[in-house]
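What follows is a set of notes on a single structure, which appears directly below.
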Amino acid sequence: MLTYIIRRILYSIPVLLATSFLLFTLVSIPGDPLGRLRANPNITRAQYHAIEHSKNLDRPVIVRYGYWIHDAITKKFGTTLFGQRKIWPDLKRVMWHTVQFILSAIIISVIFGIAIGVYSALRQYSLFDYTATTLSFIGFATPVFWLALMMQVLMVQVFLKWHVRIFYTSGLSSPVNAGHGFHFFIDRVQHLALPVIALCTLSIATYSRYMRASMLEVLNSDYVRTARAKGLLERRVIMRHAFRNALIPLITLLGLTIPYLISGSVIVEQIFQWDGIGRLYFDSIAGRDYPMVLGLTVTTAVITLLAALFADILYALADPRIRFEDVR
């Protein structure tokens, strides 16, 4: 397993380099990054060329990419395009906030998706199964941004009518609860609830449908019928023989949906004014700050690769027949 993990990490290095070069080219070439400085009447031509030279914008793309790689490795992505603000402190701050956000969405999606899918399979064509199927189709059809806006309106109306603060509709935390401790934890949960619900609704619908289909296929397999014929308890048949094998397709889906959650966080964080990767992404693109955009992109690419590696490890934990010693 350790050899497989090291090999996967080494294989990821050229992938990251190729991806970063393509992104660097696509982000930095179009338009004029210093266009607003050029339009500023208070900036002289000499000052403009000095700024352009200090940011290596007067050099070919391949040379600029080399400078960016050097800054990314030795200076933690260097500084922003405008000014000398370091990129890494902003990256570290928003990355921790987004990890809280996405990890909460993943945990809730997996727990509810698996529970609904398994119970629907065990109670096929029951009232619960039909209800879960209908709600999952509604979840598929509901846009994330619309659900987020509707929940904001609902919570605001509840607060205005009954003066009861159930969940917050924007921000990370309340100023009075900044810090640590139990009150800070409750306050953070109140701020996290609505963004997490908006982001994980589609994931719950997806996981429940895949889990139901996978569980039904496994329950009708020969080895499950053999286990029942041997007189094993139904609970043992379901949990030991059926459930673990039904998890394999869901693990694959989990590795594929993490990039969706990261991209979906761009919209949700903007709506709820959540200080995370998505909101900083949006602001950096609007300001044409391509060093920050590239730093965020590489960070999310690393998170995605780690998620795929984690999914591969879960394969071996879910199915003992899977081994990685002979994988090349």
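The values are calculated or read from the model by the stated rules, or taken from the named source; none is laboratory data. Everything numeric here is computed off the predicted structure, so don't read it as measured data. Positions of Cβ are generated from backbone atoms using ideal geometry, with glycine treated the same way; all protein chains shown enter the neighbour counts. Side chains are part of the model used for accessible areas, which takes the heavy atoms of the whole protein and leaves out ligands, DNA and RNA. Shrake-Rupley method; radii C 1.70, N 1.55, O 1.52, S 1.80 Å.
Among the residues of segment 130-139, is any touching a residue at least 24 places away in the same chain (Cβ under 8 Å) and under 19 Å from the mean Cα position of the chain (by Cα)? Checking segment 130-139: at least one residue is touching a residue at least 24 places away in the same chain (Cβ under 8 Å) and under 19 Å from the mean Cα position of the chain (by Cα). If we scan segment 236-243, do we find a residue that is open to solvent by 70 Å² or more (accessible area, probe 1.4 Å), small (Gly, Ala, Ser) and in a helix (DSSP H, G or I)? No, the conditions are met nowhere in segment 236-243. Residue count for segment 253-308, restricted to those that are polar (S, T, N, Q) and outside any helix (DSSP H, G or I): 1. Scanning segment 164-187 for residues that are surrounded by fewer than 18 Cβ atoms within 10 Å (Cβ to Cβ) and either touching a strand residue (DSSP E or B) at 6+ places or on another chain (Cβ under 8 Å) or assigned to a helix (DSSP H, G or I) (or both) gives Pro175, Val176, Asn177, Phe182, His183, Phe184, Phe185, Ile186. Entry remark, segment 275-299: residues being closer than 15 Å to Trp88 by Cβ and of a type outside the set (D, E, K, R) number 12 in total.
Scanning segment 212-234 for residues that are of a type in the set (Ser, Thr, Tyr) and either open to solvent by less than 30 Å² (accessible area, probe 1.4 Å) or touching a residue at least 60 places away in the same chain (Cβ under 8 Å) (or both) returns Ser214, Ser221.
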